[in-house]
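S.K.: Would you mind keeping the following structure in view while I ask a few things?
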Amino acid sequence: MSKKERNLSSQQTLHAFIQASPLPLMIIGNNGRVKMWNPASERVFGWKSNEVIGKVLPIVPINKRKESFTYISQTQKGKVLRGIEAVRVKKDGSSIDIALWTAPLGEKKQKEQDILVIIDNITQRKRAENQQVFLIKTNEILSSSLDYKKTLSRITKLIVPNLADWASVEMLDSKGTLRQLAIAHTNPKKIILAKKLRREYPTNLADPEGIAKVIRTGKAACYPEITDKMLRQSAKTKKQFLLWKKIGFTSAMIVPLQVRGKTLGVINFVSAESGKRFTTSDFLFVEEIAKRAALFVENARLYQEVRIELEQRKRFEEELKKSRDQLEIIFKSVADGITVQDPSGKIIYANDAAAYAIGFHSPEALMRSPVTSIMKNFTVKDEKGNPFPSDRLPGRRALKGELRPEELICYTSLLTGEENWSITKARPVFDERGNVLYAINVFHDITERKKLEERKDDFISIASHELKTPITSVKAFTQILQKRFIKAGDEESGRYLSKMDTQLNKLTNLIRDLLDINKIQTGRLAFHKEIFYFDSLLDEIIEDFQRMTKHTIIKKGNCHLRIDADRDRLSQVIINLLSNAIKYSPQADKIFIYGEKKNGKLLFSVKDFGIGIPKEHYKKIFGRFFRGVDSKKETFPGLGVGLYISSEIIKRHNGKIWVESREGEGSTFYFSIPIVS
Ligand code: ADP
């Protein structure tokens, strides 16, 4: 075979090889013109062989031509290029990523020899690589801050230009209004246009297509190719269409930001100047990005909420501490002892006054001691000196839910023997379910007052005692004189002496009352009980009274009942009730007395038609020294002790005493005591 023949046959072989190659292959001549273009190139780039043969570097973007000529001349000089990565354009204007190999076809290094170019379409791989890098960067951004507005803005800046020519994030606010949180554009001037578009044509959530539909359905939308026709159809006005055209839309994707089925907003991806068309792969990829972004937004929002809550709690705690400190200062400076008990009875707070009163050197020392051991240091008694039952202590009662327990208590220290009188009040504090959280105890020390009262009582007692003897002898001499005058027929002097005797009786009663009070106070009021008919006593008293008063005393009912009582003491009660009835009904002329057997007891009452008693005084009038009327006025003289003594006497007869009254109309005093059957 001649050399020429050999050459021909190798050219034919090369030609056949190029035609059959599954890879795009081309032969480029000296000045960059295409000399051969195989079917694989037709498939990848879209141009038919006859459309490119003789053309200069048709697949090379204008700005990359210089670089391509360098590759050609290097190859002509004998250099073989392997796997150079570059961007090339297709007939439809879109671009693809390729890797290229070149080899000279001549035998020697010559400037004008043809070169073979082998191309591998690496668009898919490149995209995958880009997506990988993009994902890594996205993750970096998402994990770098918890400020979600800033982060979303950084993400849009990453999207542009890597994935799209412009991108924006729109989020629904708490009122359900769509707000643009971030926008980025390859061409910053177009941001102004995009903002104008948004301002003039805001998204209406009722729109059938676009963002509104994505928000409504929660499903992403992809528009691979946006044509003028589509824009015209969707535009509300011609102006909107022109604005869209100016911004330029080639392809678009709207992806929802969704967490647990809830749509928070959308990310818009738009391709414009680059002419890029979004593919299924892009679509799947941006959905992944949106998923991560949505999760981040949710977490960031939760974080924000938690942070706000923590801040609020901190502020609240600071305020609480402040008010607790203020309260502490107040509690420290009050003279009353204050303690707080938890439901188990343990003292969880005590102020200085409480601690010192119980013999501790500090509130802390008091709080460290169990209540049982604190109570062992004391005996507790009531006003009359009886032991105070511990379950009646106000704190215990408040812990059981009683609202305002209050007692007068005397605490005697077993260590020092010192007596402390205090008005002890307790209040329960409830939680929202009505359970008792704490009991607050207030100990108001009245030891001084008590001592003063004791001295006063002692004085009254001594004074009354001292008065008793002279009055008894005056009374005895009065009676002797009275007898003498009557005997001598001096009626008038006899009458005067009789009046004197009546007044002396009053004085004696008064002194007896004062002495009785002291006896009640000290538990020395003695009783001498005997069995007798109640009416025998009552009739005597009525007879005496009737002589002295203008009121008619009318007795009704049946008082012929046997009782076991102290005759003198019971007559003291009846006299007191009758005297009051007369004293407090100066305008009236009748008094009713009634007795009957009721429920195995004697029920006795004295009814008058006088000034009456206001309801709020019903209980108080049985208290010591209580006067419902103004003591300084002359009208109703008295000491406010009669009913106190009466109620004590009735109690000691296992009976009850009470009043019913109407102001201005009169009062009825009742007592009931057991009868002997
Ligand atoms: P005193 O009559 O000396 O004030 P008491 O202990 O007998 O003391 O009575 C206490 C108060 O009860 C009186 O001050 C008066 O306000 C009221 N009171 C008692 N009896 C009557 C009555 N029959 N009518 C109206 N008020 C009365």
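The values are calculated or read from the model by the stated rules, or taken from the named source; none is laboratory data. Just so it is clear, the model here is predicted, and its values are computed rather than measured. All Cβ positions, even for glycine, are placed from backbone atoms using ideal geometry, and neighbour counts span all protein chains on display.
S.K.: Filter the stretch 384-405 for residues that are acidic (Asp, Glu) and either part of a loop (DSSP other than H, G, I, E, B) or surrounded by 15 or more Cβ atoms within 10 Å (Cβ to Cβ) (or both) and give the result.
M.R.: Glu402
S.K.: Take Ile645 and decide whether it is within 13 Å of the ligand (Cβ to nearest atom) and either within 21 Å of His551 (Cβ to Cβ) or loosely packed, with under 14 Cβ neighbours inside 10 Å (or both).
M.R.: Taking the combined requirement at face value, the residue does not satisfy it.
S.K.: Evaluate the following for Ser579: is it near the ligand (Cβ under 10 Å from one of its atoms) and over 58 Å from the mean Cα position of the chain (by Cα)?
M.R.: yes
Let's see how each residue does on (1) at pLDDT 85 or above; (2) touching a Gly at 6+ places or on another chain (Cβ under 9 Å):
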{"site": "Ile115", "(1), (2)": "yes, yes"}
{"site": "Asn121", "(1), (2)": "yes, no"}
{"site": "Gln124", "(1), (2)": "yes, no"}
{"site": "Ser143", "(1), (2)": "no, no"}
{"site": "Leu146", "(1), (2)": "no, no"}
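S.K.: A further question on this structure: With respect to Ser672, is the statement that it is surrounded by 14 or more Cβ atoms within 10 Å (Cβ to Cβ) and within 9 Å of the ligand (Cβ to nearest atom) true?
M.R.: No.
S.K.: I need the full set of residues from the stretch 464-485 which are free of Cβ contacts under 8 Å to residues at least 12 places away in the same chain and either of a type in the set (A, V, I, L, M) or touching a Cys at 6+ places or on another chain (Cβ under 8 Å) (or both), in order please.
M.R.: Ala476, Ile480
S.K.: Still on this structure, I have one more. Residues that are in contact with a Lys or Arg (Cβ under 7 Å, 6 or more places away or on another chain) and among the charged types (D, E, K, R): does the stretch 610-626 have at least one?
M.R.: Taking every residue of the stretch 610-626 in turn, none turns out to be in contact with a Lys or Arg (Cβ under 7 Å, 6 or more places away or on another chain) and among the charged types (D, E, K, R).
S.K.: Still on this structure, please answer the following. Only one of (1) crowded, with 21+ Cβ neighbours inside 10 Å; (2) over 22 Å from Ile541 (Cα atoms); (3) more than 12 Å from the ligand (Cβ to nearest atom) is not met by Ala565, so which one is it?
M.R.: With (1) crowded, with 21+ Cβ neighbours inside 10 Å; (2) over 22 Å from Ile541 (Cα atoms); (3) more than 12 Å from the ligand (Cβ to nearest atom) applied to Ala565, the lone miss is (2).
S.K.: To continue, here is another question. What helices (runs of 4 or more DSSP H), lying completely within the stretch 332-383, carry at least 2 residues that are over 33 Å from the mean Cα position of the chain (by Cα) and surrounded by fewer than 17 Cβ atoms within 10 Å (Cβ to Cβ)?
M.R.: Of the helices (runs of 4 or more DSSP H) lying wholly inside the stretch 332-383, those with at least 2 residues that are over 33 Å from the mean Cα position of the chain (by Cα) and surrounded by fewer than 17 Cβ atoms within 10 Å (Cβ to Cβ) span 371-375.
S.K.: Would you check which residues across the stretch 651-677 are among the polar types (S, T, N, Q) and touching a Lys or Arg at 6+ places or on another chain (Cβ under 7 Å) and list them?
M.R.: If the condition is that a residue be among the polar types (S, T, N, Q) and touching a Lys or Arg at 6+ places or on another chain (Cβ under 7 Å), then Thr668, Ser672 are the ones that fit.
S.K.: Before we move on, is Ile593 in contact (Cβ under 8 Å) with a residue 40 or more places away in the chain and more than 11 Å from the ligand (Cβ to nearest atom)?
M.R.: Considered against the rule, which asks whether it is in contact (Cβ under 8 Å) with a residue 40 or more places away in the chain and more than 11 Å from the ligand (Cβ to nearest atom), Ile593 comes out as yes.
S.K.: Follow-up. Report yes if some residue within the stretch 510-528 is among the aromatic types (Phe, Trp, Tyr) and within 16 Å of the ligand (Cβ to nearest atom); otherwise report no.
M.R.: Within the stretch 510-528, none of the residues are among the aromatic types (Phe, Trp, Tyr) and within 16 Å of the ligand (Cβ to nearest atom).
S.K.: All but one of (1) over 30 Å from Ile520 (Cβ atoms); (2) in contact (Cβ under 8 Å) with a residue 12 or more places away in the chain hold for Arg392; which doesn't?
M.R.: The failed condition is (1).
S.K.: Still on this structure: Of all residues in the stretch 624-634, which are at pLDDT 75 or above and more than 8 Å from the ligand (Cβ to nearest atom)?
M.R.: Arg624, Phe625
S.K.: Say whether the condition of being away from the ligand (no atom under 11 Å from the Cβ), in contact with a Cys (Cβ under 8 Å, 6 or more places away or on another chain) and either modelled with pLDDT of 95 or more or over 28 Å from Phe532 (Cβ atoms) (or both) is met by at least one residue in the stretch 601-614.
M.R.: yes
S.K.: Additional query: Restricting the stretch 266-287 to residues that are part of a helix (DSSP H, G or I) and surrounded by 15 or more Cβ atoms within 10 Å (Cβ to Cβ), which is farthest from the chain's Cα centre (by Cα)?
M.R.: Checked the stretch 266-287; the qualifying residue farthest from the chain's Cα centre (by Cα) is Asp282.
S.K.: Any residue at all in the stretch 480-497 that is at negative phi, among the β-branched types (Val, Ile, Thr), buried (at least 16 other Cβ atoms within 10 Å of the Cβ) and part of a helix (DSSP H, G or I)?
M.R.: For the stretch 480-497, residues at negative phi, among the β-branched types (Val, Ile, Thr), buried (at least 16 other Cβ atoms within 10 Å of the Cβ) and part of a helix (DSSP H, G or I): absent.
S.K.: Given the conditions (1) more than 13 Å from the ligand (Cβ to nearest atom); (2) under 23 Å from Thr552 (Cβ atoms); (3) within 52 Å of the chain's Cα centre (by Cα), and given that Glu660 satisfies all but one, which numbered condition is not satisfied?
M.R.: (1)
S.K.: Tell me which residues, restricted to the stretch 432-457, are part of a helix (DSSP H, G or I) and in contact (Cβ under 8 Å) with a residue 60 or more places away in the chain.
M.R.: Within the stretch 432-457, just Asp457 meets the criteria.
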